[in-house]
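Q: What follows is a structure written as structure tokens; I'll ask about it next.
The values are calculated or read from the model by the stated rules, or taken from the named source; none is laboratory data. These numbers were taken from a predicted model, which means no experiment stands behind them. Neighbour counts run over all protein chains shown; Cβ positions are idealised from the backbone, glycine included.
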């Protein structure tokens, strides 16, 4: 029999919708009254009248792409938090740079539901390979594991040899991290002849889990489940044992809208993910993530009754995620401006041999290894991921407005 994280997961869908809509007026009022930025964005709106999806759809959209400017004008959070910075548990600074808050509540990002659905239970040990520095992913999964009752080894990213050593010593039951890093660990352990067979399940996020990669893990007896979340919203959706789409978290109101607008699309149509977050510290109202997805019909065979989406289906803008880190067009532009002799650049992202690849194609005055090293260093410092530098002749890059060209295939 399927186990559930709590009784919320199996509620009658109408009961869930009624409960979510009942929270809307108070969330809008909270945002207006305690978050000065939202006070301006939602000025003149009668919070008491926002009681259904039709009313919600009339409210202004706040875009993730707006956060940088808002936060520069009103640091640190653009006036969008309802809790004073000094009363928060943690603060983060993700690439952009974008500041994100974390309040005091237990499992504040609500990832425990996803960890549980991935098969982890009290007494299990998780090797947490999400970053613990600057960005919130490490803390998200640490708190989630503790909410479920798991022991955590805070491994962080990189240091593959030490990751393998830790698995051999601690014998963790599972892994949390990006989908591709687990393969790097396993392949290197195989080459070294190290036994890492204690890893039987994984909860992954921060990148696409391609079918071939999932099949490879399954062949090793590792059951992998995906999460979809953001640093701003926490958990948005998660995969269950049914592996048919991703089930929405219980504390969000999701809309799928036509990209660049706030207009909801028909169920099944691909559009941009908008989130209204039921959260007393960070009451995001109609927050456009920039991600693409689509609502699926029906409910999951696992017995959870929440609405489902098809998962992450790419970006509505040129922003891309590489090995768990967002890279923005503005960051590539800053690299170009920071390196003397670099004229133009275009970042091409692909997925080969179960790993994201990034190639920065550059037009330069005097191409050579010295300049390539300077560009590579500037790119890593700015974007927090590495890219291969490839020179082209001046004028060869397409004149199509693209700074980031993501050619990965998700089907």
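Q: Taking the stated definitions as given, is residue 219 buried (at least 24 other Cβ atoms within 10 Å of the Cβ), within 28 Å of residue 4 (Cα to Cα) and modelled with pLDDT of 95 or more?
A: Working: buried (at least 24 other Cβ atoms within 10 Å of the Cβ): no; within 28 Å of residue 4 (Cα to Cα): yes; modelled with pLDDT of 95 or more: yes.
So residue 219 does not fit the description; no.
Q: For residue 105, which of the numbered conditions (1) at pLDDT below 95; (2) crowded, with 23+ Cβ neighbours inside 10 Å fails to hold?
A: All conditions are met except number (2).
Q: Go through region 186-243 and tell me which strands (runs of 3 or more DSSP E), entirely inside it, have 1 or more residues that are under 10 Å from the mean Cα position of the chain (by Cα) and more than 23 Å from residue 161 (Cβ to Cβ). Let's see the steps before the verdict.
A: Details: elements: 201-204, 223-230, 234-238.
Of the strands (runs of 3 or more DSSP E) lying wholly inside region 186-243, those with at least 1 residues that are under 10 Å from the mean Cα position of the chain (by Cα) and more than 23 Å from residue 161 (Cβ to Cβ) span 223-230, 234-238.
Q: Now for a separate question. Checking the structure you have, find out if any residue of region 244-253 is surrounded by fewer than 18 Cβ atoms within 10 Å (Cβ to Cβ) and more than 20 Å from residue 205 (Cα to Cα).
A: We begin by selecting, within region 244-253, every residue surrounded by fewer than 18 Cβ atoms within 10 Å (Cβ to Cβ); these are 244, 251.
Among the residues that remain, those that are also more than 20 Å from residue 205 (Cα to Cα) are: none.
No, the conditions are met nowhere in region 244-253.
Q: Is it the case, given these coordinates, that residue 283 is surrounded by 22 or more Cβ atoms within 10 Å (Cβ to Cβ) and part of a loop (DSSP other than H, G, I, E, B)? Spell out how you get there, then give the answer.
A: Values: surrounded by 22 or more Cβ atoms within 10 Å (Cβ to Cβ): yes; part of a loop (DSSP other than H, G, I, E, B): yes.
Yes.
Q: Could you figure out which of (1) touching a strand residue (DSSP E or B) at 6+ places or on another chain (Cβ under 7 Å); (2) within 30 Å of residue 385 (Cα to Cα); (3) surrounded by 19 or more Cβ atoms within 10 Å (Cβ to Cβ); (4) assigned by TED's automatic domain parsing to the domain that holds residue 297 isn't true of residue 80?
A: Result: residue 80 fails condition (1) only.
Q: So for region 304-314 (the condition being assigned to a strand (DSSP E or B), more than 17 Å from residue 406 (Cα to Cα) and in contact with a helix residue (DSSP H, G or I) (Cβ under 9 Å, 6 or more places away or on another chain)), does at least one residue qualify?
A: Narrowing region 304-314 to residues assigned to a strand (DSSP E or B): 308-309.
Filter once more, so that each one left must be more than 17 Å from residue 406 (Cα to Cα): 308-309.
Subsequent filtering for residues that are in contact with a helix residue (DSSP H, G or I) (Cβ under 9 Å, 6 or more places away or on another chain) retains none.
Checked against the condition, which is being assigned to a strand (DSSP E or B), more than 17 Å from residue 406 (Cα to Cα) and in contact with a helix residue (DSSP H, G or I) (Cβ under 9 Å, 6 or more places away or on another chain), region 304-314 yields no hits at all.
The rows are residues; the columns are (1) crowded, with 24+ Cβ neighbours inside 10 Å; (2) in contact (Cβ under 8 Å) with a residue 40 or more places away in the chain; (3) more than 17 Å from the chain's Cα centre (by Cα); (4) closer than 19 Å to residue 225 by Cβ.
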{"residue": "91", "(1), (2), (3), (4)": "no, no, no, no"}
{"residue": "117", "(1), (2), (3), (4)": "yes, yes, yes, yes"}
{"residue": "127", "(1), (2), (3), (4)": "yes, yes, yes, yes"}
{"residue": "138", "(1), (2), (3), (4)": "no, no, no, yes"}
{"residue": "158", "(1), (2), (3), (4)": "no, no, yes, no"}
{"residue": "161", "(1), (2), (3), (4)": "no, no, yes, no"}
{"residue": "180", "(1), (2), (3), (4)": "no, yes, no, yes"}
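Q: May I ask you to list the residues in region 257-280 that are assigned to a strand (DSSP E or B) and surrounded by 21 or more Cβ atoms within 10 Å (Cβ to Cβ)? Even if it seems obvious, please write down each step before you answer.
A: Looking only at region 257-280, we keep the residues that are assigned to a strand (DSSP E or B), and these are 257, 264, 271-277.
Of everything in region 257-280, those that are assigned to a strand (DSSP E or B) and surrounded by 21 or more Cβ atoms within 10 Å (Cβ to Cβ) turn out to be 271, 272, 273, 274, 275, 276, 277.
Q: Can you name the residue in region 54-66 that is within 25 Å of the chain's Cα centre (by Cα) and at pLDDT 95 or above and, of all such residues, is nearest to residue 329 (Cα to Cα)? It would help to see each step written out before you state the result.
A: At the first step, the residues of region 54-66 found to be within 25 Å of the chain's Cα centre (by Cα) are 56-57, 59-66.
Filter once more, keeping what is at pLDDT 95 or above: 56-57, 59-62.
Working: 56: 31, 57: 29, 59: 28, 60: 25, 61: 21, 62: 19 Å.
Only one residue tops the list, namely 62.
Q: Restrict the check to region 190-205 and report whether at least one residue is crowded, with 19+ Cβ neighbours inside 10 Å, in contact with a helix residue (DSSP H, G or I) (Cβ under 7 Å, 6 or more places away or on another chain) and within 30 Å of residue 65 (Cα to Cα).
A: Yes, that holds for at least one residue.
Q: Moving to a separate point now. Any residue at all in region 290-309 that's within 17 Å of the chain's Cα centre (by Cα) and within 24 Å of residue 379 (Cα to Cα)?
A: Yes, region 290-309 has at least one match.
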